[in-house]
Amino acid sequence: MDLSVINPVLLIAALMSAATPILLAATGELVAERAGVLNLGVEGMMIVGAICGFAVAVESGSPALGFVAAAAGGALLSLLFAFLTQVTLANQVASGLALTLFGLGLSALLGQGYVGVKPPSMPDVNFGALADIPILGRILFSHDPVLYFGLALVAAVWALLKFTRAGLILRAVGENHDAAHALGLKVVRIRVLAILFGGACAGLGGAYISLIRVPQWTEGMTAGVGWIALALVVFASWKPWRVLLGAYLFGGITQLQLNLQGAGVAIPVEYLAMSPYLVTILVLVILSADKSRAPASLGRIFHASS
Amino acid sequence: MIRLEKRPEPSRGFAWAAPILAVIATFFFGGLLFAFLGKDPVQSIVTIFWQPLFGEFAFYYRPQLLIKGAPLVLIAIGLSLGFKAGIWNIGAEGQYIMGALFGAGVGLAFYPAQSAMVFPLMVLAGAFGGWVWAMIPAVLKVKFGTNEILVSLMLVYVAEQFLASMSLGLMKNPEGFGFPGSRNLQQYASAHNAEIVADTGMHWGVVAAIIAVIFAYVLLARHRLGFAIRVTGDAPRAARFSGVNPSRLILFCLGTSGMLAGLAGLFEVSGPSGVVSIDFNVGYGFTAIIVAFLGRLHPVGILLAGLLMALTYIGGDIAQSQMGLPAAAIQVFQGMLLFFLLAFDLFTNFRLRLGRVEVA
């Protein structure tokens, strides 16, 4: 075993990349949950986003177009969830599970012709001389545009929720949908939009895995990242900046265990691969004592008659 | 205009009609999907749903119905108890794996001793394995209020890694020429979950599934605990006032569903599958969620839904080999079924009203 092969600077740079899929998906889910919708279909939307993005990027040769398609694919799938929970008033837990099961099947079907294909790679953003700063340059200024987009998204969601009227409306719907309805807010319409946003973000996160992290297509390649993103929203107490913190924590663990595998640590590979899931459980246990931050209407069905 | 009006009482008729409507809608849209894939939709549906039952080779496929249906029913019965009470165990796949590993572990430890005691011990170990794995989310929920959905699901991935480790390491067949996977339990008479009546598909897992259906029916219809489960699902506050202990209910529901999933895994690994290998699990734990909902969380409904779902697996295999229908298409088909069911369920609790909204 030789731990000196793990370069801390490269580890931090890689951690940011490992965290981005979780970050994107969790930020989208955070918005949906702040509107009072618990969408357990994140895993399904991510994997559909992963294959939509992959297929379009391969066919068009443009990764950017792939990401647009991934967001569209994720949003389209989430529209099914929106229909089930907002129009036909189905149970959100069951509908979310259905979305994940359906998404896993659909992605496998769509991805049949793309196994073993190599996608076009996305160039890193060119910061010029900034990238040459020792240590900081490698950590901060040598990434692909989607990673920066993820960071900007967190800031935007934070600002939206905290400072704007739209954010206030979103939170009102999530805290008390009956009161929001009485105020004349369109509860269903707002929630559908929040669900679509969540779907688009999950799709982007999925495509980040298939186009940048891995980059190739295999069935079920998201491997539970969507579920970790769901856990992360709880971890973050429904606050955007804490999502960022949590995503980097999980990204760090994922990357570290991969590096340890590479360094040939005496722990078997399988047990190292368990670690992100075990840490998720541990974090959930530590943080689940305080549920006071959860949106009060989370997961409840709204019908104007009641 | 059309609007929804809440029914004063859920419609009993629609509660039973919704799954049937969902199946019909799935036939239609599934057919469209198959047509889109360039297959003849009618022929696809016939291949999937008719051939295994009444086709030329039905004598071969009918036993498969029991073999594939038993684990689905066994797991779904356990899940339905929790789902009824609002306790969401969605990690049955992990409990299934752990049950198989515990059970097979006991069997392999006794190899090559021949004794009538080996198989019963394996059954106990399998049930224990699933139970222990489900007790992790249960205890965490009771002690710390941790979300059982996320914990039980995370444990699926942990169990999959554990399975990989076992089939490549501790349980690897020492006479297997280095190939991954354990000894074949089918060739170890004391540990083999053989067919009780030859060529019927009737193995001990099928017996266990039938017993589980009967027990669940009696529990829900006649026992105080079943009443507690139903009240907790419908009105948690009322349940508390009527003296239901929520912690005990959580431990019971998750424990039972884990135990049944573990049993399903054990019967599979010691019978139809035979070998502990990396890809031994085929997702029964997740499909069972669809089975539980499609069966309306009712034991008899689950039995029928389990058989229907088993049919889609078998028919899907046939359609795959005869018509080149991709395996994933069947997965999509199964997912669609759950979507339509959830959508049609609207009419159980609501009805459509045409006309203007009267002013109250």
Original post:
Is there a residue in the range A:123-130 that is touching a residue at least 60 places away in the same chain (Cβ under 8 Å), more than 21 Å from the chain's Cα centre (by Cα) and farther than 30 Å from B:Phe344 by Cα?
Top reply: no
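Of the residues that make up the range B:348-359, is at least one closer than 17 Å to A:Gly105 by Cβ and either in a helix (DSSP H, G or I) or more than 11 Å from chain A (Cβ to nearest Cβ) (or both)?
Initially, the range B:348-359 is screened for residues closer than 17 Å to A:Gly105 by Cβ, giving none.
No; the residues of the range B:348-359 include none that is closer than 17 Å to A:Gly105 by Cβ and either in a helix (DSSP H, G or I) or more than 11 Å from chain A (Cβ to nearest Cβ) (or both).
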**OP:** Considering (1) touching a Ser or Thr at 6+ places or on another chain (Cβ under 7 Å); (2) surrounded by fewer than 19 Cβ atoms within 10 Å (Cβ to Cβ); (3) under 20 Å from A:Lys162 (Cβ atoms), say which one A:Val243 fails and leave the rest.
**Re:** (2)
**OP:** Determine, yes or no, whether B:Ile302 is out of contact with any strand residue (DSSP E or B) (no Cβ under 6 Å at 6 or more places or on another chain), part of a helix (DSSP H, G or I), without any contact (Cβ under 8 Å) to a residue 60 or more places away in the chain and closer than 22 Å to B:Gly78 by Cα.
**Re:** no
**OP:** Among the candidates A:Val214, A:Val265, A:Val269, A:Val279, single out the residue that is at pLDDT 85 or above, at negative phi and not small (Gly, Ala, Ser).
**Re:** A:Val279
Original post:
Is at least one residue of the range B:24-33 of a type in the set (Val, Ile, Thr), within 14 Å of chain A (Cβ to nearest Cβ) and closer than 27 Å to A:Leu110 by Cα?
Top reply: yes
**OP:** State which residue pairs qualify: first residue free of Cβ contacts under 8 Å to residues at least 40 places away in the same chain and inside the range A:147-160, second residue of a type outside the set (Asp, Glu) and part of a helix (DSSP H, G or I) in any location, beta carbons under 6 Å apart, and separation of 6 or more residues or different chains.
**Re:** A:Leu160/A:Gly167
**OP:** Would you mention how many residues in the range B:230-267 are of a type in the set (Ser, Thr, Tyr), assigned to a helix (DSSP H, G or I) and surrounded by fewer than 20 Cβ atoms within 10 Å (Cβ to Cβ)?
**Re:** 1
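I need a count of the residues in the range A:160-187 that are surrounded by fewer than 19 Cβ atoms within 10 Å (Cβ to Cβ) and either under 16 Å from A:Leu38 (Cα atoms) or touching a Cys at 6+ places or on another chain (Cβ under 9 Å) (or both).
Taking the range A:160-187 first, the residues surrounded by fewer than 19 Cβ atoms within 10 Å (Cβ to Cβ) are A:160, A:162-169, A:171, A:175-176, A:178-179, A:181-186.
Those still in the list that are either under 16 Å from A:Leu38 (Cα atoms) or touching a Cys at 6+ places or on another chain (Cβ under 9 Å) (or both) too: A:171, A:175-176.
Total meeting the criteria: 3.
Out of the residues in the range B:323-345 that are outside any helix (DSSP H, G or I) and of a type outside the set (A, V, I, L, M, F, W, C), which is surrounded by the most Cβ atoms within 10 Å (Cβ to Cβ)? Give the steps one after another, and end with the answer.
Going residue by residue through the range B:323-345, those that are outside any helix (DSSP H, G or I) are B:324-326, B:345.
The next check asks that each one be of a type outside the set (A, V, I, L, M, F, W, C); those that pass are B:324, B:326, B:345.
Values: B:Gly324: 10, B:Pro326: 17, B:Asp345: 25.
The extreme case among them is B:Asp345.
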**OP:** Name the residue, out of A:Gly174, A:Gly150, that is closer than 22 Å to A:Arg242 by Cα and in contact with a Lys or Arg (Cβ under 6 Å, 6 or more places away or on another chain).
**Re:** A:Gly174
**OP:** Could you please find all residues in the range A:35-68 being crowded, with 24+ Cβ neighbours inside 10 Å, more than 11 Å from A:Ser210 (Cα to Cα) and not β-branched (Val, Ile, Thr)?
**Re:** A:Ala35, A:Gly36, A:Asn39, A:Leu40, A:Gly41, A:Glu43, A:Gly44, A:Met45
Subject >> Conditions (1) within 13 Å of another protein chain (Cβ to nearest Cβ); (2) outside any helix (DSSP H, G or I); (3) touching a residue at least 40 places away in the same chain (Cβ under 8 Å): number failed by B:Thr146 >> reply: (3)
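Scan the range B:245-257 and tell me whether some residue there is modelled with pLDDT under 85 and basic (Lys, Arg). Full working, then the answer.
Applying the first criterion (modelled with pLDDT under 85) to the range B:245-257 yields none.
No, the range B:245-257 contains no residue that is modelled with pLDDT under 85 and basic (Lys, Arg).
Among the residues of the range B:166-205, write down those that are within 14 Å of chain A (Cβ to nearest Cβ), part of a helix (DSSP H, G or I) and either of a type in the set (D, E, K, R) or closer than 23 Å to B:Leu121 by Cα (or both).
The first filter runs over the range B:166-205 and keeps only residues within 14 Å of chain A (Cβ to nearest Cβ), leaving B:166-172, B:180.
Those left that are additionally part of a helix (DSSP H, G or I): B:166-168.
B:Met166, B:Ser167 - these are the residues of the range B:166-205 that are within 14 Å of chain A (Cβ to nearest Cβ), part of a helix (DSSP H, G or I) and either of a type in the set (D, E, K, R) or closer than 23 Å to B:Leu121 by Cα (or both).
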Original post:
Name the helices (runs of 4 or more DSSP H) wholly within the range A:207-301 that hold at least 2 residues that are at the interface with another protein chain (Cβ under 9 Å from one of its Cβ atoms)?
Top reply: A:225-235, A:269-287
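In the range B:74-86, is there at least one residue being outside any helix (DSSP H, G or I) and surrounded by fewer than 21 Cβ atoms within 10 Å (Cβ to Cβ)? Let's see the steps before the verdict.
Of the residues in the range B:74-86, the ones outside any helix (DSSP H, G or I) are B:85-86.
Still in the running and surrounded by fewer than 21 Cβ atoms within 10 Å (Cβ to Cβ): B:86.
Yes, because at least one residue in the range B:74-86 is outside any helix (DSSP H, G or I) and surrounded by fewer than 21 Cβ atoms within 10 Å (Cβ to Cβ).
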Original post:
Failed condition for B:Ala116, given (1) more than 29 Å from B:Phe293 (Cα to Cα); (2) surrounded by 20 or more Cβ atoms within 10 Å (Cβ to Cβ); (3) in contact (Cβ under 8 Å) with a residue 24 or more places away in the chain, with all others met?
Top reply: (2)
Subject >> Given (1) over 16 Å from A:Ala26 (Cβ atoms); (2) surrounded by 20 or more Cβ atoms within 10 Å (Cβ to Cβ); (3) touching a helix residue (DSSP H, G or I) at 6+ places or on another chain (Cβ under 6 Å), index of the condition A:Ile212 fails >> reply: (3)
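The values are calculated or read from the model by the stated rules, or taken from the named source; none is laboratory data. All values derive from a computational prediction rather than experimental measurement. Counting neighbours? That spans all protein chains shown, and the Cβs are built from the backbone with ideal geometry, glycine included.
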